[in-house]
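Heads up: the structure comes next, in structure tokens.
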Ligand code: F3S
């Protein structure tokens, strides 16, 4: 199963995941990222580097969260690839604290 970006990324966009991804499968919206499930090689390198634990193996998603896989697929087709690290969003630290990962 591919990995997916969850809503915890919203308002954060730390992009530590992008820096470590070997296949450039992240796509960027203004407020968060998505993973192209067809490009993800399931290496899981991105999972431990996200400060808010926003990336999960789709296999581990709770029942009822399957739409997250479709959302990542759909949005990754609509949005450009992000292939380098960028500064976190100005809201990232407050959002991180509110999530208490
Ligand atoms: Fe988002 Fe975490 Fe990557 S906040 S941009 S999934 S490092």
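Read-outs throughout are calculated quantities, based only on the coordinates presented, and are distinct from any laboratory measurement. Everything quoted here is computed from the prediction, not taken from an experiment.
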Can you list the equivalent-ellipsoid semi-axes of segment 1-58, largest first and in whole Å, using the square root of 5 times each Cα gyration tensor eigenvalue? 16, 11, 11
Over all Cα pairs of the chain, the Kirkwood radius sets Rh, and Rg/Rh then becomes 0.92
Under 8 Å for C-alpha pairs, at least 6 residues apart: give me the relative contact order for segment 3-99, rounded to a whole percent. 44 percent
Between residue 16 and residue 99, what length in nm is gained on full extension when 0.36 nm per residue of separation is reduced by their alpha carbon distance? 28.1 nm
Quick check on segment 38-90: what does the Kirkwood estimate of hydrodynamic radius come out to from the alpha carbon pairs, in Å? 13.0 Å
